[in-house]
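See below for the structure under consideration.
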Amino acid sequence: MSFSVAGKTAIVTGAANGIGLAIARQFAENEANVVFADMDEDGLALAVGNIGEEGGNIRSFAGDLRQKLNIANLLSVTIDAFERVDILINAARQVAPTDPFDADDTTVEMLMEQNVLASLRLSQLVARRMIKQDADGDARGGSIINLSSTAGQITHPDLLGYSIAAAAMNQMTRSLALTLAQKKIRVNAIAFGSVLSASLQRRLKDEGHLRDAIEEGTPLGRVAEAAEIADAAQFLASEGSGFITGQVLTVDGGRTLLDPVRTEAH
């Protein structure tokens, strides 16, 4: 059984920092061709620069993927550089509190557009390219992996919009998996709990009690590292998971077993 991604071409969105960066970096270090994509142009340049000069098996793309033209341009950059795409990691996401009683709060719409609809449009475009590759005689299929959250199963009242978006991402994963199965394209998601991302690190500095609350609400008693989500993504992208599709892999240290509504998911 192989968990290798060597020689495959992957697009990773949200790759300027946090979990997306950890995934993109790990894939590149394991000899995949990787396109780092993010709307944060400065952060993206820093991320790619820290790994090495752009070239070889790394490219970068800066653009807002809520815009359809940027989605098309991202795929064009990938094909121009590496001639194909085998893996898509939809890691671009935002977390924002929602006021459930404010009818003018547009947070839900923003989170659906950023976390779900942009990923859906990119997945559809990349899937068409994967199908074309197969029709041209290269029957490798492909793997699409969506980053979701345990907030799609359990929630904190302040995270109404984020929870709705996470649940929609899970259902999108299952629907695409069924649609694309005959084309040898697998679609899965990773629903994670508290991960030491850039945003959570900032919150832990300002809210000293938060780490204790998270650890108390997690059976394994700690916050996950971003590299642990990257390991799960590599498993789902590899031939080692070749008979797995339409699944939401929960990586949360056992947190959803306790259903701790009092503790936010990050």
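The values are calculated or read from the model by the stated rules, or taken from the named source; none is laboratory data. What you are looking at is a predicted structure, and each value in this text was computed from that prediction instead of being measured. Positions of Cβ are generated from backbone atoms using ideal geometry, with glycine treated the same way; all protein chains shown enter the neighbour counts.
The condition of being in a helix (DSSP H, G or I), at pLDDT 90 or above, farther than 21 Å from LEU21 by Cα and in contact with a Phe, Trp or Tyr (Cβ under 6 Å, 6 or more places away or on another chain) holds for only one of ALA151, ALA177, ALA167, that being ALA151. Checking the stated criteria, PRO219 turns out to be touching a residue at least 12 places away in the same chain (Cβ under 8 Å), in contact with a Leu (Cβ under 8 Å, 6 or more places away or on another chain) and not acidic (Asp, Glu).
From the set of residues in the range 64-97 that are among the small types (Gly, Ala, Ser) and either closer than 16 Å to LEU125 by Cα or in contact with a Lys or Arg (Cβ under 6 Å, 6 or more places away or on another chain) (or both), which is surrounded by the fewest Cβ atoms within 10 Å (Cβ to Cβ)?
Ranking the qualifying residues of the range 64-97, first place goes to SER76.
Per the listing LEU220, LEU210, LEU236, the residue uniquely part of a helix (DSSP H, G or I) and more than 16 Å from the chain's Cα centre (by Cα) is LEU210. Here ALA181 fulfils each of the conditions (1) surrounded by fewer than 18 Cβ atoms within 10 Å (Cβ to Cβ); (2) farther than 28 Å from SER143 by Cα; (3) not acidic (Asp, Glu) apart from (2).
The rows are residues; the columns are (1) part of a strand (DSSP E or B); (2) within 20 Å of the chain's Cα centre (by Cα); (3) closer than 14 Å to GLY14 by Cα.
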site	(1), (2), (3)
LEU44	no, yes, yes
ARG66	no, yes, yes
ILE71	no, yes, yes
THR78	no, yes, no
ALA81	no, no, no
VAL85	no, yes, no
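Condition (residue is closer than 20 Å to GLY142 by Cα, more than 20 Å from the chain's Cα centre (by Cα) and part of a loop (DSSP other than H, G, I, E, B)) applied to the range 21-36: is it met by at least one residue? No, the range 21-36 contains no residue that is closer than 20 Å to GLY142 by Cα, more than 20 Å from the chain's Cα centre (by Cα) and part of a loop (DSSP other than H, G, I, E, B).
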